[in-house]
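Everything on this sheet refers to the single structure shown next.
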Amino acid sequence: MNVHHAKAAEHAVDDDLLSARRRRNRIRYGATQFAVIAAAITLVVLFALAVKEGLARHGIRFSFSFLWDAAGFDLSEGKTFVFDGTFWLAFTEFTSERSIAQAFAAGIVNTTKVAVLAIVLSTMLGVLLGVSRLSTNWVARSLSFWCVEFVRNTPLLIQLVFWYFAVILHFPPIAAAAEFYGVVISQQGLFFPALVWKGEGSPVAIAMATACWVAILGLVFDKHRLVRRVCMGAIVVLPCLMLLTGIVELDFPVASKFRAKGGTGMSPEMAALLLAIVVNSASYIAEIVRGAIDALPKGQWEAAASLGLSRRDTVHDIILPQVFRVVLPSFGNQYISLTKNTALGIAVGYPELFNIYGTIANQTGHSLEGILIVMASYLILSWAISATVAWADRRLSKRGAM
Amino acid sequence: MIARFLKWSRHNLFGKPFDILLSLTVIPGFLWLAYQVAAWTVTTARWEIIPESLRILMIGIFPAEQAWRAWVAIMIIAALLGAALGCVFAFRKRHAAGLLLVLAAVIALTGSKDLTNALLTASTIAIFASGCAAISLIPLLRRALLPAGFIALIAIFAVMSPPGAGLWGGLLLSILLTLVTSIVSLPVGILLAFGRRSRFSSMRWICMGYIEVMRSVPLIMVVYWIWILMPVLAPQFGLADVVRGMIGFTLFYSAYVAEYVRSGLQAVPREQTEAARSLGMSEFDINRSIVLPQALRVAVPPLVGNVLDIFNTAPLVFIIGLTDFLRAGQMILANPQYGDRTYEVYAFLFLTYFLVGSLITFVARRLETHLARGNR
């Protein structure tokens, strides 16, 4: 046997060893995978069995059939979906003879209502606060700094109960309510002027309203800048026209002894929850904006200055467009935590999802089934928000700057 | 001096027409508001409610004759926090001077009314300072910090339990809850973070699912759920409400800790792992002594921020019927005798929360700069 043969034989032995080791590794990997999955499934099954047994001891059966029972309780506010026998789902006030599933729906509607309003308002306020940290005015700078610091370093719950018990409940009663440009402010809630449709079925009015919708859709979805500008103009002009011609009228609330007539209202609980969440999230958003501005390279400021741009132009055309492209994902996280924070409504008695769940759990005893529904609802809400933000992020980055 | 001020105000207050308008409207309005608040604080407000109900605010319905237990717990916490701070900040002579001043101030201000409490407060501060100094001057002690932390937690439980864990309350409950949650959720979070980047896809999926679900449901729901689930699962233990609340908080915040640790793990360059592997270290050793220390260094400032989050969400335990600091304040206001003191009590609550919160934020910021200094 010469040297070559010996080497080849050694190689073959090496290859055999290697492939054997690979096979062993593969088997070990597969076995671990299997063991992990098996352990997880066993844990879940054991957990479910223990829960079932524990419930059985309390005489409760795990089932979702309670969802179709009549609720038997009223909500202080909240609308739900009602199947009216035809094809459509009607959207009406919740009453005690509705089913428990409809109570959950009312909770989701209330939570979404507060969350959407809070997302819009807190974004506006937060960006304002964040940008005012850039102001040349010392007062604006330090005021926004201290507001943000104070709000971020105190619990949201104490802010919420403060707004409710120390501010809103100290408003004048509705008989002596304060009026502010048509807004009625009272202990019984806030009432705003509302738009009322007076166009009946006239074709011109319907055409105008449809045009408005189309313009909004065009503004959001169209790719051409010119079309978007036209749409923007239409959105400004058309509603003014409709107001002037009386197709749409402003309905002002009028305070009477116990409640306000006309307009649209907001219960004190909702007002407190909205105020607390808006102020709280706005300061977190301001901090996000500030962080993004700080993270921009200093060269951007210096380059703009050396080109002779004014500070206003620098902020408006150079800094903010770059900031808004990077902050959107962080805004998304903040929107999700804001939506979760609406669950604090239970502390002031606002009937959002978690509060209604608490009532249902007390009434029926099906707290574990209810938790699954609530959990799934919050998961879906979170995913919807993150999907929307991701979509907006893709659009913005595709289009370049703002 | 005046010229300097005029120059400053021209740049910072009256630089542009809009700035002038803003300054002229906001400054008088703010001064008026400040005057109103100050006038209310000095004349209208009746502050005697705070010292009268201080015990309830601080320890809730914990029996007064057992208050020494609360004091012992507070002193252990002070030593622990001081030691933790001493790991990071060097203890200097000027700090000692400042602390002596604070001690003197505490005794001078409150000593005349209630000497025992003043002395106890002073000794708490002294213990805090000595913990800080000891750890910062004798680096060898740092190795004992983590075991000492767990022993301290057990000691606190041992001291506080005899009257019944159901009686815990007030600010002490908030602090204990924060402490236990932040310490216990750390190892759980680290395990979850490693699980999320494990070689085994099943492990990754399970950890990711747990983290994502926990991060998209409200804390108040998790706490309530654990609270109703525990008696169903383990009726033989009869766990106290406090413990169930702590379990809920820990389960929830572990997911957040995992995310912070994961961002730290991602910041460790891959070459570190590869180099360690080429030296023949085992995966466990690599993770324990190469990756984790560097990852924690990045993750520490957000983890301290997380402690602030835990402290700020501690009032949510009202949902399971516990009396924390905020709830104790509301309990005082529920007394019809004090019904009109809303603003006094809320001012005190806000101020305390703000002080503690600012302290934690300050530590987090200092840590950030301190740890960033070592980076090349």
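The values are calculated or read from the model by the stated rules, or taken from the named source; none is laboratory data. Since the structure is predicted, the reported quantities are computational estimates derived from the model, not experimental observations. Ideal geometry is used to build each Cβ from the backbone, glycine not excepted, and the neighbour counts take in all protein chains shown.
Yes/no matrix, rows are residues, columns are (1) away from chain A (no Cβ under 14 Å); (2) at pLDDT 90 or above; (3) under 18 Å from the mean Cα position of the chain (by Cα):
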| residue | (1), (2), (3) |
| --- | --- |
| B:PRO139 | yes, no, no |
| B:ARG143 | yes, no, no |
| B:ILE156 | yes, no, yes |
| B:LEU191 | no, yes, no |
| B:MET208 | no, yes, no |
| B:ILE211 | no, yes, no |
| B:VAL222 | no, yes, no |
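A quick yes/no check of all residues on (1) within 22 Å of B:LEU171 (Cα to Cα); (2) within 20 Å of the chain's Cα centre (by Cα); (3) among the charged types (D, E, K, R):
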{"residue": "B:LEU316", "(1), (2), (3)": "yes, yes, no"}
{"residue": "B:THR323", "(1), (2), (3)": "yes, yes, no"}
{"residue": "B:ALA328", "(1), (2), (3)": "yes, yes, no"}
{"residue": "B:MET331", "(1), (2), (3)": "yes, no, no"}
{"residue": "B:ASP340", "(1), (2), (3)": "no, no, yes"}
{"residue": "B:GLU344", "(1), (2), (3)": "yes, no, yes"}
{"residue": "B:PHE350", "(1), (2), (3)": "yes, yes, no"}
{"residue": "B:GLY357", "(1), (2), (3)": "yes, yes, no"}
{"residue": "B:LEU367", "(1), (2), (3)": "no, yes, no"}
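Please return the ranges of helices (runs of 4 or more DSSP H) entirely within the stretch A:251-369 where 1 or more residues are touching a residue at least 60 places away in the same chain (Cβ under 8 Å). Ranges flagged: A:268-295, A:320-341, A:353-364.
Pairs linking a residue in the stretch B:337-362 that is closer than 12 Å to B:ILE50 by Cβ and facing another protein chain (nearest Cβ under 8 Å) to a residue that is β-branched (Val, Ile, Thr) and surrounded by 18 or more Cβ atoms within 10 Å (Cβ to Cβ), with Cβ atoms under 7 Å and 6 or more positions apart or on different chains, are B:LEU349/A:ILE158. The condition of being within 14 Å of chain A (Cβ to nearest Cβ), on the phi > 0 side of the Ramachandran plot and over 20 Å from the mean Cα position of the chain (by Cα) holds for only one of B:GLY195, B:GLY238, that being B:GLY238.
Which one is farthest from the other protein chains (Cβ to nearest Cβ) among residues in the stretch A:52-67 that are assigned to a loop (DSSP other than H, G, I, E, B) and aromatic (Phe, Trp, Tyr)?
In the first step, residues of the stretch A:52-67 are kept if they are assigned to a loop (DSSP other than H, G, I, E, B); the result is A:58-64.
The next check asks that each one be aromatic (Phe, Trp, Tyr); those that pass are A:62, A:64.
On the way: A:PHE62: 11, A:PHE64: 17 Å.
Among those that are assigned to a loop (DSSP other than H, G, I, E, B) and aromatic (Phe, Trp, Tyr), it is A:PHE64.
When A:THR112 is tested against (1) in the same structural domain as A:ILE277 (by TED's automatic domain parsing); (2) more than 21 Å from A:LEU372 (Cα to Cα); (3) in contact with a Leu (Cβ under 8 Å, 6 or more places away or on another chain); (4) not aromatic (Phe, Trp, Tyr), only condition (2) is not met.
Of everything listed in (1) over 30 Å from B:ILE20 (Cβ atoms); (2) surrounded by 14 or more Cβ atoms within 10 Å (Cβ to Cβ); (3) free of Cβ contacts under 8 Å to residues at least 40 places away in the same chain, the single unmet condition for A:GLU77 is (3).
So that you can scan it fast, the table gives a plain yes or no per residue for (1) within 21 Å of the chain's Cα centre (by Cα); (2) among the hydroxyl-bearing types (Ser, Thr, Tyr); (3) crowded, with 18+ Cβ neighbours inside 10 Å; (4) more than 25 Å from A:LEU328 (Cβ to Cβ):
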{"residue": "A:ALA118", "(1), (2), (3), (4)": "yes, no, yes, no"}
{"residue": "A:SER122", "(1), (2), (3), (4)": "yes, yes, yes, no"}
{"residue": "A:GLY126", "(1), (2), (3), (4)": "yes, no, yes, no"}
{"residue": "A:ARG133", "(1), (2), (3), (4)": "no, no, yes, no"}
{"residue": "A:SER144", "(1), (2), (3), (4)": "no, yes, yes, no"}
{"residue": "A:VAL148", "(1), (2), (3), (4)": "yes, no, yes, no"}
{"residue": "A:LEU156", "(1), (2), (3), (4)": "yes, no, yes, no"}
{"residue": "A:LEU160", "(1), (2), (3), (4)": "yes, no, yes, yes"}
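For residues that are farther than 24 Å from B:TRP68 by Cβ and either among the aliphatic types (A, V, I, L, M) or assigned by TED's automatic domain parsing to the domain that holds B:ASP241 (or both), scanning just the stretch B:145-154, find the one that is modelled with the lowest pLDDT. If we take residues in the stretch B:145-154 being farther than 24 Å from B:TRP68 by Cβ and either among the aliphatic types (A, V, I, L, M) or assigned by TED's automatic domain parsing to the domain that holds B:ASP241 (or both), then B:LEU146 is modelled with the lowest pLDDT.
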